[in-house]
Structure formats: C-alpha cells, structure tokens
Amino acid sequence: MTAPEHEGQKRHFAGKVAFVTGAASGIGRAAALAFAREGAGVAVADISLEGSQETARLITEEGGQALALKCDVTRSVDVKAALDKTVETFGRLDYAFNNAGIEQATAALADIPEEEWERVLSVNLRGVFLCMKYEIPLLLQYGGGVIVNTSSGAGVKAFPGGAAYSAAKHGVVGLTKVAALDYARSNIRVNAVCPGIVDTPMRLRVFGDTPEERARVLAQEPIGRMGTPEEIAAAVIWLCSEAAAFVTGHALVVDGGQTL
Ligand code: NAD
C-alpha cells in the first residue's frame with residue numbers, strides 16, 4: 001500500500017486538539033484534514049451531521065482521529081454541547097477554527113430583506129462570537145491556545161451588493177482584534193483569515209459555473225486563478241503554529257491579490 005504523502009513528515013500538532021466549524025465542506029473540510037495531518041485530534045462540527053461524518057470518515061481513512069458533531073453555530077446550546085463533547089472525547093482543546101459561514105443573495109442595500117440581514121449576521125458574526133465565548137474558557141483551562149476566525153476579502157474591502165455579508169465579515173475582523181487584545185496576556189492568540197475567491201460549493205452557489213461566470217471570476221483575480229481550500233487551510237495551520245507565535249489580532253488576506 002502506498003503511504004499517504006503526509007506520512008513520515010513531522011507532525012507539529014501531535015497530542016493537540018482542534019475544533020473546526022463549517023467542517024462538512026469546502027475550506028472547513030480542508031482545514032479539518034490539515035489539522036489531522038499535523039497530528040491533532042479534530043472535532044468536526046457542522047450544521048450538517050452527514051457532512052461532518054463524511055469529513056470524519058476522510059480523516060480516519062488517513063489514520064487520523066476525528067469526532068463528527070452536529071452544531072448550529074447560531075445556537076449557544078449547540079456550541080456548548082459540541083465543545084463539551086470535544087473535551088470529553090479528546091481531553092483538551094488547543095485550536096479553534098471558527099469558519100462556518102453562509103453567503104448573501106447579492107442585492108443593493110435597500111433591497112436586502114431584513115430576514116436576510118439577520119440570517120447572514122447570525123451565522124457569520126454571532127456564530128463566531130458564540131464559538132469564541134465558549135472556546136476561550138476551555139483554552140484557558142488547558143493553558144492557552146490559538147483561535148482563527150474566517151473573515152473574507154469582503155471583510156477588508158467593499159464589494160457592491162453584499163452589505164450584510166461584508167458587515168458580518170468586517171465584524172469578524174473587529175471581534176478578532178478585540179479578542180486578541182483581551183487574551184494577549186493569557187497565552188491565547190486570535191487571528192482571522194480572509195480568503196479571496198476559493199473553489200468551494202459556496203463559490204459555485206455565488207458565482208455559478210458557466211464559462212462566462214468563470215471568466216468574470218478569473219478577471220477579478222490578479223493571480224489568474226481561484227484559490228483552493230487547501231491553500232486557505234495552509235494559512236490556518238501556519239497561524240496556529242509556533243512559527244506564528246508573535247502574530248495576534250491579524251487579518252491574514254489569502255486572495256491571489258484580489259483586494260489590492
Ligand atoms: P461551504 O458552503 O463549502 O462550507 C460552509 C460550511 O458551513 C457548510 O458545510 C455548511 O453546512 C456550514 N454551515 C452553514 N451554516 C452553519 C451553521 N449555522 N452552523 C454550522 N455550520 C454551518 O463554504 P466555504 O467556501 O468553505 O466557506 C467557508 C467560510 O469561508 C465561510 O465563512 C465563508 O464566508 C468564507 N469565505 C469563503 C470564500 C469562497 O470564495 N469560498 C471566500 C471568502 C470567505
């Protein structure tokens with residue numbers, strides 16, 4: 001049997017535990033796999049239990065340790081229960097990647113239905129707040145750790161037609177900076193990752209996949225292509241690693257130059 005590529009490489013997160021939301025798909029799934037390849041036990045949390053189970057299966061297939069969880073990040077009972085189960089299963093918590101998110105139907109501000117505003121803010125911003133609120137006491141209990149929150153290029157730059165999404169993602173950067181300051185002396189680092197256009201199911205839902213749409217997307221990308229979920233996962237792993245020990249409160253843009 002051919003050994004997987006990661007075998008034999010140094011595992012930087014051996015004995016550590018990562019909690020990943022939105023881990024049933026796209027960037028979250030790639031990050032969950034990346035944490036596991038670094039040796040961490042991974043709690044795979046998503047509103048879709050089936051999707052979480054599939055990510056967990058992919059991890060265990062590679063010899064990693066995973067726990068599949070159903071968790072709606074807008075519900076504090078779900079978030080608390082998922083984190084309790086994580087600690088009960090793996091015995092600790094070291095890293096959290098708060099990544100669950102939804103897109104907004106493109107519309108000029110006055111045409112955004114109030115319910116759409118509430119829905120997008122609830123998942124993309126309140127969800128990150130709730131996750132951090134209940135992760136931080138656990139991280140403190142186990143001596144500290146690292147949090148990475150998923151913002152977006154839309155969290156540092158304005159794009160037309162996305163007021164709710166952009167407000168939420170700018171909010172994630174703000175929350176990240178304040179949390180970084182609040183816990184800077186407590187051995188907890190908090191950073192955000194701001195992906196550009198990444199080839200995931202969300203990207204397909206937002207931009208479609210006709211040749212014309214693809215050309216329009218690529219025209220926005222100075223580097224001439226979309227990012228891959230694995231490229232965002234690599235940034236998340238770096239932010240969690242000791243190599244980034246002096247980095248906190250940072251919004252790391254990984255976007256092929258789109259926001260320049
Ligand atoms: P995706 O749709 O492939 O995955 C998102 C996951 O989040 C799904 O598995 C979904 O079930 C889950 N989710 C949705 N609502 C949830 C909830 N309430 N509780 C728990 N889980 C929930 O999307 P993706 O492209 O992988 O996006 C991941 C993150 O990256 C999002 O926060 C998104 O806003 C951000 N982002 C994506 C892009 C891109 O181009 N794909 C660009 C910038 C930022």
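Observations
- Principal-axis tilt of helix 127-141 within the chain, Cα atoms, nearest 10 degrees: 20 degrees
- Cα gyration tensor category, rounded, prolate or oblate, for the range 129-260 with a/c compared to 1.5: prolate
- Förster radius 30 Å - calculated FRET efficiency between Leu260 and Arg185 (Cβ-Cβ, nearest 0.05): 0.30
- For Gln65, the residues whose amide H sits under 5 Å from its own are Val42, ignoring neighbours fewer than 5 places away on the same chain, with H placed 1.01 Å from N.
- Furthest towards positive pole of dipole, Gly249, Ile59, Ala164, structure part the chain, Cβ charges: Gly249
- Ranked for footprinting exposure by Cβ neighbours inside 10 Å, fewest first, His170, His12 give His12, His170.
- Nearest-ten-degree value, helix 163-182 long axis tilted from longest Cα axis of the chain: 40 degrees
- The chain, dipole about Cα centre (Lys/Arg Cβ +1, Asp/Glu Cβ -1), debye to the nearest 20: 700 debye
- The long axis of helix 229-240 is offset from the longest Cα principal axis of the chain by roughly 50 degrees.
- One decimal place: the segment Ser76-Ala107 gains 8.2 nm when fully extended, by the rule 0.36 nm per residue minus the C-alpha distance.
- Vicinal HN-Hα couplings computed from phi for the range 75-91 (Karplus, 6.51 cos²θ - 1.76 cosθ + 1.60; Hz; Gly/Pro x): 10, 4, 4, 5, 4, 4, 5, 5, 5, 4, 5, 4, 5, 4, 7, 9, x
- DSSP-assigned coil residues among trypsin sites (Lys or Arg not before Pro) in the range 160-228, each with at most 15 further Cβ atoms within 10 Å: Arg225
- Relative to the current alpha-carbon distance between Tyr142 and Asp209, full extension at 0.36 nm per residue lengthens the span by 19.6 nm.
- Dividing the convex hull volume of the alpha carbon atoms of the chain by its residue count gives 133 Å³ per residue.
- Distances between placed amide hydrogens fall under 5 Å for Ala192 paired with Asn149, His250, Ala251, Leu252, all partners being 5 or more residues away or on another chain.
- Rounded to the nearest 0.05, the FRET efficiency derived from the C-beta distance between Ile223 and Ala243 at R0 = 25 Å is 0.60.
- Euclidean distance between Cα centres, the range 81-153 to the range 175-242, Å: 15 Å
- Projected label distance in nm at Glu118 and Arg57, using a 7 Å step from Cα toward the beta-carbon: 3.6 nm
- Formal net charge of residues neighbouring Trp238 (Cβ-Cβ distance under 13 Å; K, R +1; D, E -1): -3
- Taking amide H as placed 1.01 Å from N in the peptide plane, the amide H of Phe97 sits under 5 Å from that of Phe19, Val20, Thr21, Val148, each at least 5 places away or on another chain.
- Sorting Thr21, Thr176 from the fewest to the most surrounding beta carbons within 10 angstrom yields Thr176, Thr21.
- Inter-label distance for Ser48 and Gln65, nm, one decimal - labels placed 7 Å from Cα along Cα-to-Cβ: 2.7 nm
Taken together, the values in this text are just the output of simple stated rules run on the coordinates, not laboratory data. Source: prediction; values computed, not measured. All Cβ positions, even for glycine, are placed from backbone atoms using ideal geometry, and neighbour counts span all protein chains on display.
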